[in-house]
Every structure is written in structure tokens, then in C-alpha cells.
Amino acid sequence: MIKKILAIIMCLALALAVGCSGGGDRLSVDNGDEPTPEEVKPQYAVNELTGLENLAPEKANRRPVAVTVNNLSQAQAVQTGLNKADVVYETEVEGGITRLVAVFKDIESVEKVGTIRSARLAFVDLAMGHNAVYIHHGQDSFHAPALLNKVNRVVIGTNNGGVRISNGLASEHTLYGYGDGIWKTIKNQGFKTEIENPTAWQNFAKEDAPVTLDYTATTVSVPFSASYKTTFNYDAASGKYKRFFNGTERKDYNSGESIVFKNVFVLYTTIRNYSSCSPATCKGTHKEILLNSGSGYYFVNGTYTPIKWSKNGANNKFTFTNEDGSALTVNPGNSWVCIADGTRSQAVIG
């Protein structure tokens, strides 16, 4: 009996020695639950086209892709993929209409983009400024080859990533591109798919330090011509600008989502008819767009400021500065860039 009592006392003493901490802390109780490990947050890379840290690390060095997108008034209703673009440029082509160049860091993330149309010299210049592979269907055969022969490009069709989808319009307005199909074609053609140490497209602010500019503006309209007016209305709830054309809001053809952008730029330059053209029918209609330097405006978060811009060479990206020449700080996010004639397309700001 005495041995049993001593054994019990020794067990109790051992339990107290193991389960108690110095200083009289209470005994801990093991309820059998495993401690919950801290949630491991996914790591992202910064997209140099937007300044946003939302890019899969394995895509950080991926080469951008630039796509010519149809912007004919009736074709705008069947546009898709623009909300996935990091930068969209809008500028004139013949007949007072505009066309778009949509630039994507990760084209594979886009289900479809389009409709896709033909190349112009200025579009190739814009694509080269991003070191992008250029996607188009058709071309201005007289002026565009000056740069088309210097850029990696894909003439897209139904055999290399493209698809014709009936949308109620004529056949030339029905070509779309599958994002994964475009990327597969780029790789199959042996083009370089990565760039070393990509540099930021602009001087982006930190995501937790939003940009507010000098003047207040909730809307800006750019009259590219008498029949083509692009308008952006600021939506305070989302902090982004909704796109309108001649008063009609534009939405994605497939998703029905509003087409919204964080940053809006209006750049003024000289847009004029080419002095020479072949065939003769394009003389006086095709547009020469000078991409050297000029003035303009930057809009973000319901505010705006006058700016200066320069490009000065197809291989150069745009440089934006404040009027005094200091570097412009741009809010992280996607950007819509209107390139308009400084004489006849002055923006209306309200």
C-alpha cells in the first residue's frame, strides 16, 4: 500500500513539474486541437504597365502583347476584352473614326479580345514603345511597313488563335482572338516571350498612397471628330472612369460589364492627312499621327492636371511630366490614352 501511495505522489509531482511554469501560472489544458497555422498569403509581382502588385510571379518578365481593336461606332457594341487591358490607346484613322490599341501584360488571362482590325503606322509605333508583340489583321500597305518590318507581329486569322463569331455585323467586324491562342501562336512563331528586368511604364505611386491632382473634374469628353466623341465619367463608388461614346455607355459584349479605367490621359498632337498615299484613293483620308511631344491632361480620382508628354521614337515609351518638367506621379491602375489633334479636338472638362 505504501508503495502505491509513493507511486501516486511521484506521478503527481512529475505532472506538476512538466505542466506548470515558474511563477504560479495555471496548468495548461490539452483539448486535442492542433494550433491553426497562420494563413500564407500568395506572393504577387508588380505589373510594370499598371504599377499594381497583382501579377503571378512566373509572369513578371512576360512580354506584353498589343492588339488593334475595331472602334467603328456599330462595332463598339461588340467589343470584348478591353477591361483586361492594362493600357488602351485611342486615336484617329481615316474618315473621322477612331481605332484602339489594347496592350496586355498577360494576354492568356483574356478569354477573347476584339474585334481585331488592321494596322496603321502609329499603332505599330505604340506597340514598339512597350516592346510588345503586335497583333493585327490587315494593314495600311503603303505607310505601315516602315515599322511593321521591325516588329514581331502576328497577322491573326482563324488558323492561329482567331475566331469568326457572328455578331450581326459584316464579316470584317467579326474577328476575335482567344488570349491563350494568341500566346500559343507567339511561342510557335519563335518570338521572344520574356524581357529582362521590365521597367515601369510610368512613375507609379504606391498603392496605399492614391494620387489627387490640382483641379476637380468628374467628366472629360474628347471630340476626335464631328461624329466621334469619347467621354469618361468618374464613378466615385468604384474610383474609376466609365467609358461613353456619343452619350452611350459602352459595356463588354460578353460579360456586360462597364468598361472602366483608373487613369485617363488626353494627349494633344498633330494629326493630318498623309501628303502621299497609294492607292490614290487613300490620299487625303489616311492619317499621319505625330508621336514626338506635346501637351495634354491627366485625370484620376475625380481630379486632373495639365501635363507635357514626349515619345520621340518608336522604341521609346511615353514620358509624362508636370508642366514644370518634373516627373508626373501616376496612380496605379489601368490607363486609357486619347491621342487627339490639338487644333480641332480640345477636350471638354466638367
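The values are calculated or read from the model by the stated rules, or taken from the named source; none is laboratory data. These figures come from a predicted structure and were not determined experimentally. Cβ placement follows ideal geometry from the backbone for every residue including glycine, while neighbour counts extend to all protein chains displayed. Please note that ligands, DNA and RNA were not included when accessible areas were found on the heavy atoms of the full protein model with its side chains. Shrake-Rupley method; radii C 1.70, N 1.55, O 1.52, S 1.80 Å.
For region 201-227, the candidate set comprises residues that are touching a helix residue (DSSP H, G or I) at 6+ places or on another chain (Cβ under 8 Å) and modelled with pLDDT under 95; within that set, the residue that is most open to solvent (accessible area, probe 1.4 Å) is A226. Taken together, the residues in region 54-78 that are of a type outside the set (K, R) and in contact (Cβ under 8 Å) with a residue 60 or more places away in the chain amount to 15.
Among the residues of region 59-70, is any open to solvent by 10 Å² or more (accessible area, probe 1.4 Å) and touching a Leu at 6+ places or on another chain (Cβ under 7 Å)?
Just the residues of region 59-70 that are open to solvent by 10 Å² or more (accessible area, probe 1.4 Å), to begin with: 59-63.
Applying the additional criterion that residues be touching a Leu at 6+ places or on another chain (Cβ under 7 Å) yields none.
Checking region 59-70: not a single residue is open to solvent by 10 Å² or more (accessible area, probe 1.4 Å) and touching a Leu at 6+ places or on another chain (Cβ under 7 Å).
What number goes with the only condition from (1) touching a residue at least 24 places away in the same chain (Cβ under 8 Å); (2) assigned to a helix (DSSP H, G or I); (3) of a type outside the set (G, A, S); (4) open to solvent by 80 Å² or more (accessible area, probe 1.4 Å) that K192 does not pass? For K192, the exception is condition (2). Taken together, the criteria place G350 among residues that are more than 24 Å from the chain's Cα centre (by Cα) and closer than 30 Å to S238 by Cβ. Please indicate, with yes or no, whether at least one residue in region 51-69 is in contact with a Phe, Trp or Tyr (Cβ under 6 Å, 6 or more places away or on another chain), at pLDDT 85 or above and not in a strand (DSSP E or B). Checked against the condition, which is being in contact with a Phe, Trp or Tyr (Cβ under 6 Å, 6 or more places away or on another chain), at pLDDT 85 or above and not in a strand (DSSP E or B), region 51-69 yields at least one hit.
Here are some residues: A209, A205, A217. Which one is in contact with a Phe, Trp or Tyr (Cβ under 6 Å, 6 or more places away or on another chain) and of a type in the set (G, A, S)?
Working: A209 fails: in contact with a Phe, Trp or Tyr (Cβ under 6 Å, 6 or more places away or on another chain); A205 fails: in contact with a Phe, Trp or Tyr (Cβ under 6 Å, 6 or more places away or on another chain).
Result: A217 is the single residue among A209, A205, A217 that is in contact with a Phe, Trp or Tyr (Cβ under 6 Å, 6 or more places away or on another chain) and of a type in the set (G, A, S).
Hey, does region 258-265 have a residue that's over 20 Å from N83 (Cβ atoms) and either open to solvent by 60 Å² or more (accessible area, probe 1.4 Å) or of a type outside the set (D, E) (or both)?
Kept after step one, since they are over 20 Å from N83 (Cβ atoms), are these residues of region 258-265: none.
There is no residue in region 258-265 that is over 20 Å from N83 (Cβ atoms) and either open to solvent by 60 Å² or more (accessible area, probe 1.4 Å) or of a type outside the set (D, E) (or both).
Only one of the numbered conditions (1) open to solvent by 50 Å² or more (accessible area, probe 1.4 Å); (2) over 20 Å from E48 (Cα atoms); (3) in a loop (DSSP other than H, G, I, E, B); (4) not hydroxyl-bearing (S, T, Y) is violated by E172, and that is (3).
Looking at S295, S255, S326 in this structure, which one is without any contact (Cβ under 8 Å) to a residue 24 or more places away in the chain, surrounded by fewer than 16 Cβ atoms within 10 Å (Cβ to Cβ) and among the hydroxyl-bearing types (S, T, Y)? Don't jump to the end; show me each part of the working.
On the way: S295 fails: without any contact (Cβ under 8 Å) to a residue 24 or more places away in the chain; S255 fails: without any contact (Cβ under 8 Å) to a residue 24 or more places away in the chain.
Matching residue, one of S295, S255, S326: S326.
Quick check: is even one residue across region 112-121 open to solvent by less than 10 Å² (accessible area, probe 1.4 Å), within 19 Å of G179 (Cβ to Cβ) and modelled with pLDDT under 95? There is at least one residue in region 112-121 that is open to solvent by less than 10 Å² (accessible area, probe 1.4 Å), within 19 Å of G179 (Cβ to Cβ) and modelled with pLDDT under 95.
Quick check on N301: is it in contact (Cβ under 8 Å) with a residue 12 or more places away in the chain and either in contact with a Pro (Cβ under 9 Å, 6 or more places away or on another chain) or on the phi > 0 side of the Ramachandran plot (or both)? Walk me through how you get there before you give the answer.
Details: in contact (Cβ under 8 Å) with a residue 12 or more places away in the chain: yes; either in contact with a Pro (Cβ under 9 Å, 6 or more places away or on another chain) or on the phi > 0 side of the Ramachandran plot (or both): yes.
Considered against the rule, which asks whether it is in contact (Cβ under 8 Å) with a residue 12 or more places away in the chain and either in contact with a Pro (Cβ under 9 Å, 6 or more places away or on another chain) or on the phi > 0 side of the Ramachandran plot (or both), N301 comes out as yes.
Among the residues of region 153-169, how many are within 25 Å of K287 (Cβ to Cβ), open to solvent by less than 70 Å² (accessible area, probe 1.4 Å) and free of Cβ contacts under 8 Å to residues at least 40 places away in the same chain? Of the residues in that region, 2 qualify.
Applying a threshold of 6 Å to beta carbon distances and a minimum spacing of six or more residues, or different chains, the list of pairs starting in region 134-152 at a residue that is closer than 15 Å to V67 by Cα and ending at one that is open to solvent by 60 Å² or more (accessible area, probe 1.4 Å) reads Y134/R153. A count restricted to region 71-93 and to residues that are open to solvent by less than 20 Å² (accessible area, probe 1.4 Å), part of a helix (DSSP H, G or I) and out of contact with any helix residue (DSSP H, G or I) (no Cβ under 6 Å at 6 or more places or on another chain) stands at 3. Output the number of residues of region 179-209 satisfying the condition of being of a type in the set (D, E, K, R) and farther than 24 Å from G333 by Cα. The number of residues fulfilling the criteria is 3.
Among residues of region 128-137 being open to solvent by less than 30 Å² (accessible area, probe 1.4 Å) and farther than 20 Å from N316 by Cβ, the one that is nearest to the chain's Cα centre (by Cα) is I135.
For the criterion of being without any contact (Cβ under 8 Å) to a residue 40 or more places away in the chain, in contact with a strand residue (DSSP E or B) (Cβ under 9 Å, 6 or more places away or on another chain) and not in a loop (DSSP other than H, G, I, E, B), G181 passes.
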